[in-house]
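Peer 1: One structure is given below, represented as structure tokens, and several questions about it will come after.
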Amino acid sequence: MLGSIKVLIAEDSKTSADMLNNILSSHYKIDVVGIVNNGIDAYRTIISAKPDFIVMEIDLPLMGGIELLKLIKKENIEINILVMTSFSKNKDLSSRALDLGALDVIYKPKVISADFFVEAVLNRIVEISLSKIKNLEMDFELNYNNLESNNNIETPNNSKEIIYASKDSYLAKFDDNVRIFPSDQKEIAKAISKVAKLGFEHPRLVAIGISTGGPRALRIMLPSIPKNFPLPILISQHIPKDFSSSLISSLQDISEIKIKEAVSDEEIMPSVVYISPGDKNMGVYSDSSGRVKIKLYTDYENKFIYTPSVDYLFETINDVLVNKAIAIVMTGMGNDGTEGMKLLYNNKNLTIAQNKETCTVYGMPRSVIENHAVHLVLSLYDMAEFLVQYVRSVE
């Protein structure tokens, strides 16, 4: 992948395929090697053209996306796979796609625009490519330094092209289901030191707002949270109705901490991750005994653009806990969570945004950062370890 990045588009909608082709072809490092509208032609093109990436709709005719993924995995074909699907379809296919080797599932909005493809697809391809190039560079550096120390040879000028990418891109260990990345202990120590000086109250819960790229990000983050983590974690993930159950199942398979779908009026407990149902907005309330409980709200009046709404979660936490929460905004399009995050920030809750380098789509984190509602910006790969160490430090 040191030269051009070869991409195959597998999309049965001509409008989407043409728009995606125009976007990808305009990038100087990307070469679109084929556009196909069914799974059989996609497989044939993978064999003949050997692309670096396939961007594929999950609902392909002749051979569906899941069947194609199974075939790719069975034959050990090396290719980066980005799966696209609409919000209204394929409620459990997305989790199956991730299990079969897809790097990410990109959810199509009802109205697809060029901006969507730029943020959700083009930037993702570039990010993954830079990561792999950086890994090759690191391997080269290690091997060459070993050779130099053994043979006392000099490095020739211009011996390699160096393309700098974030160190967060480095992939340390992986298997078919889970990708585990190394946390940066120095960065975590700096973050904890900074937060300690700000003098926050002891937190009672962690709240996360997340959208496009969320399933992948949660599959990286949640396996690193121990089963005895002393706080409840509430997650508002933009997700279609009925998909939350399959997402929860796939996350629980790879995580120690208990993960469940939130139920109205249940008391939130430590060491549990609560994920909002796809057709409800999840918030919290305090009962007459002071116990914090789940509140599920159906937005019949369309007060919120997204369901589940991150703003609704954050706003109810602000009303109930005031200054005793940790709020995190992670990868996603748009600006859901910004208004709620501003309230939490101003009331002295600890607020955190995922950094640009590790986001699938930087829209939501960028919005809270630009609105000055964030105390910390952390890598996805440092997020879990920071939470564990920080909460331990204030116990």
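Peer 1: In debye, nearest 20, what is the charge dipole magnitude of segment 200-349 about its Cα centre with +1 on Lys and Arg Cβ and -1 on Asp and Glu Cβ, if you could check?
Peer 2: Working: 15 positive and 17 negative charges, 82 e Å.
I would put it at about 400 debye.
Peer 1: Here is a further query. Just flag the trypsin sites (Lys or Arg not before Pro) in segment 235-283 sitting in loop per DSSP whose Cβ has no more than 16 other Cβ atoms within 10 Å. Walk me through the numbers before you get to the answer.
Peer 2: Details: sites: K241, K258, K260, K280; in loops: K241, K280.
Those satisfying the criteria are K241.
Peer 1: Please report, as a whole percent, how much of the solvent-accessible surface of segment 313-359 comes from carbon and sulfur atoms (probe radius 1.4 Å).
Peer 2: Details: 640 of 1500 Å².
Carbon and sulfur together cover 43 percent of it.
Peer 1: Using a basic spin-label model with each label point 7 Å from the Cα along Cα→Cβ, how many nm lie between S25 and R44?
Peer 2: Here the modelled spin labels are 2.1 nm apart.
Peer 1: Pairwise over distinct Cα atoms, reciprocal of the mean inverse distance: report the Kirkwood radius of segment 1-101 in Å, one decimal place. Don't skip to the answer; put the middle values down first.
Peer 2: Working: mean 1/r = 0.0733 Å⁻¹.
Hydrodynamic radius (Kirkwood, Cα pairs) of segment 1-101 is 13.6 Å.
Peer 1: Shifting gears a bit: How much length is gained if the chain between S393 and S264 is pulled fully straight, taking 0.36 nm per residue apart and subtracting their Cα-Cα distance, in nm to one decimal?
Peer 2: My answer for the length gained is 43.2 nm.
Peer 1: Using the 2.2 N^0.38 Å rule of thumb for compact globular proteins, work out how segment 224-267 stacks up: its C-alpha Rg over that value, please. Mind dumping the intermediate values first?
Peer 2: Values: Rg = 11.2 Å, N = 44, 2.2 N^0.38 = 9.3 Å.
Normalised Cα radius of gyration, segment 224-267: 1.21.
Peer 1: Per-residue HN-Hα couplings for segment 301-309, Karplus 6.51 cos²θ - 1.76 cosθ + 1.60 at θ = phi - 60°, whole Hz, x for Gly and Pro?
Peer 2: Karplus values, whole Hz, x for Gly and Pro: 8, 6, 6, 10, 5, 10, 9, x, 9.
Peer 1: Right, here's the next one. Using a probe radius of 1.4 Å on heavy atoms only, what accessible surface per residue do you get for segment 2-82? Whole Å² is fine.
Peer 2: Solvent-accessible surface per residue comes out at 47 Å².
Peer 1: Also, quick follow-up: Rank-order 80-86, 348-354, 222-228, 285-291 by packing density, defined as the average count of other C-beta atoms within 10 Å over each peptide's residues, highest first.
Peer 2: Numbers: 80-86: 22.1, 348-354: 23.9, 222-228: 16.1, 285-291: 9.1.
Descending packing order for the listed peptides: 348-354, 80-86, 222-228, 285-291.
Peer 1: If R₀ is 35 angstrom, what is the calculated FRET efficiency for the pair N228 and S286, using the beta carbon separation as r and rounding to 0.05? Numbers along the way, then the final one.
Peer 2: Details: r = 25 Å, r/R0 = 0.71.
My answer for the efficiency is 0.90.
Peer 1: Sorting check: for 7-18, 328-339, 311-322, which peptide has the highest mean count of neighbouring beta carbons within 10 Å, and how do the rest follow? All intermediate terms of the calculation are to be shown ahead of the outcome.
Peer 2: On the way: 7-18: 18.8, 328-339: 24.9, 311-322: 22.1.
Put in order of decreasing packing, that is 328-339, 311-322, 7-18.
Peer 1: Which of the peptides 42-52, 206-216 is most tightly packed, and how do the rest follow, going by the mean number of other Cβ atoms within 10 Å of each residue? Before the final figure, lay out each step's value.
Peer 2: Numbers: 42-52: 17.3, 206-216: 26.0.
Most protected by this proxy first, the peptides run 206-216, 42-52.
Peer 1: With a probe of 1.4 Å, find how much accessible area segment 210-341 has per residue, and write the answer as a whole number in Å².
Peer 2: Details: 4730 Å² over 132 residues.
With all protein chains present, segment 210-341 gives 36 Å² per residue.
Peer 1: At a 1.4 Å probe radius, carbon and sulfur cover how many percent of the accessible area of segment 1-108?
Peer 2: Values: 2400 of 4690 Å².
Carbon and sulfur atoms account for 51 percent of the accessible area of segment 1-108.
Peer 1: Shape call for segment 285-335 from the C-alpha gyration tensor, a ≥ b ≥ c root eigenvalues: rounded (a/c under 1.5), prolate (a/b greater than b/c) or oblate? The partial results should precede the final answer.
Peer 2: Values: a/c = 2.87, a/b = 1.39, b/c = 2.06.
Oblate, since a/c reaches 1.5 and b/c is not below a/b.
Peer 1: Report the extension gain between K241 and F304 in nm, rounded to one decimal, defined as 0.36 nm multiplied by the number of residues separating them, less their alpha carbon distance. Display every interim value, and only then the final one.
Peer 2: Details: separation 63, 0.36 × 63 = 22.68 nm, distance 1.58 nm.
Result for the pair: 21.1 nm of gain on full extension.
Peer 1: Hey, another quick one. What percentage of the solvent-accessible surface of segment 197-307, computed with a 1.4 Å probe over protein heavy atoms, is contributed by carbon and sulfur atoms? Walk me through the intermediate numbers first.
Peer 2: Details: 2150 of 4620 Å².
That fraction is 47 percent.
Peer 1: In addition: Rounded to whole Hz and in sequence order, give me ³J(HN,Hα) for segment 106-113 from the Karplus expression 6.51 cos²θ - 1.76 cosθ + 1.60, θ = phi - 60°, writing x for Gly and Pro.
Peer 2: Karplus values, whole Hz, x for Gly and Pro: 9, 8, 7, x, 4, 10, 8, 10.
The values are calculated or read from the model by the stated rules, or taken from the named source; none is laboratory data. Note that the coordinates shown come from a computational prediction; the quantities given were computed from them, not determined experimentally. Here the Cβ is made from the backbone with ideal geometry for all residues, glycine too, and neighbour counts use every protein chain on show. Heads up: the accessible areas ignore ligands, DNA and RNA and are worked out on the full protein's heavy atoms, side chains in. Shrake-Rupley method; radii C 1.70, N 1.55, O 1.52, S 1.80 Å.
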